Amino acid sequence: MIMNQNILLKPENIIIPSTGRRAEVLACRHGFDNLDQMQEYIDSLQDGARIMDVGAGMSNLIDELAHKSPDKNFYKFDNNPATAKMWANHENVTPVVGDVFSINDTLGGGFDAIFSYRMAHHFSFEQVCEIVNNLTNLLTDDGELFIGPKMDWRQSTYSGKSIRVDKQRVCDEGVENIAKQISLNKFGLHIQRTVDRTVADYFKTAFFANRDNNDCVTEILNPKTGEMTNKKLGVYAGFAARLATNLVKRNNF
């Protein structure tokens, strides 16, 4: 995504993301009933457990979990240095900027839980296979990977649930079978990238957008003023992305 380095950001936009990637929403996307249930899962992990959000963007998921679990070690991973500069500071959160395709060299391993949402569908099937393999290799023997959204023509890329896998499941089902569940085909990927590029170019940022209960964009950050403003294109772009994804999956293009 393209980001304007001169963007004017208000504190409330940095601390609490106004996108569908806020903690409460992502907890449900990852298969939990709510954020509290996800917190219970984190609390059940051993002291010193390592938890990471890959493709964290401006999500506050790790911030919320880390605040209530000071005995755990949390990581935010993203490929955008500009994004990382805006992350809040926490004693038990390590910010990491890097490439997901070399993440094993960067972080080594030993993770008890890895979360990744709305990242894989930006990549080709072959790349998603590599991502699944890389993230699985970072897990401990009992660790789990939550990655999504699961692609289904009845679900858009914005609301699909994550799939939950461990090393054994990946070994049993195979990396390719796991990757198929969270990948767009080539035509769908082309549409997704086109929409992403168009929206990013138009708004100069794709990080801050208010959404309604249906996860449709209603407001977007104006990069010139730092104010949230109504932008009809944001609504249309969100609708186009949903329609394209559903159409692609339904008709097997």
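The values are calculated or read from the model by the stated rules, or taken from the named source; none is laboratory data. None of the values given here were measured: they were computed from a predicted structure. Reconstructed Cβ throughout: ideal geometry from the backbone, glycine too, with neighbour counts over all protein chains shown.
Restrict the check to the range 129-136 and report whether at least one residue is surrounded by 21 or more Cβ atoms within 10 Å (Cβ to Cβ), in contact (Cβ under 8 Å) with a residue 60 or more places away in the chain and not in a loop (DSSP other than H, G, I, E, B). Taking every residue of the range 129-136 in turn, at least one turns out to be surrounded by 21 or more Cβ atoms within 10 Å (Cβ to Cβ), in contact (Cβ under 8 Å) with a residue 60 or more places away in the chain and not in a loop (DSSP other than H, G, I, E, B).
Per-residue answers, yes or no, for (1) out of contact with any helix residue (DSSP H, G or I) (no Cβ under 6 Å at 6 or more places or on another chain); (2) in contact (Cβ under 8 Å) with a residue 40 or more places away in the chain; (3) of a type outside the set (Asp, Glu):
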| site | (1), (2), (3) |
| --- | --- |
| Asp53 | no, yes, no |
| Asn60 | no, yes, yes |
| Glu64 | no, yes, no |
| Phe74 | no, no, yes |
| Asn92 | no, no, yes |
| Asp112 | yes, yes, no |
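Scanning the range 48-73 for residues that are under 14 Å from the mean Cα position of the chain (by Cα) and either assigned to a loop (DSSP other than H, G, I, E, B) or more than 15 Å from Met38 (Cβ to Cβ) (or both) turns up Val54, Gly55, Ala56, Gly57, Met58, Ser59, Asn60. Selection within the range 74-86: residues that are part of a loop (DSSP other than H, G, I, E, B) and either among the charged types (D, E, K, R) or modelled with pLDDT under 85 (or both). The member of this set that is nearest to the chain's Cα centre (by Cα) is Asn80.
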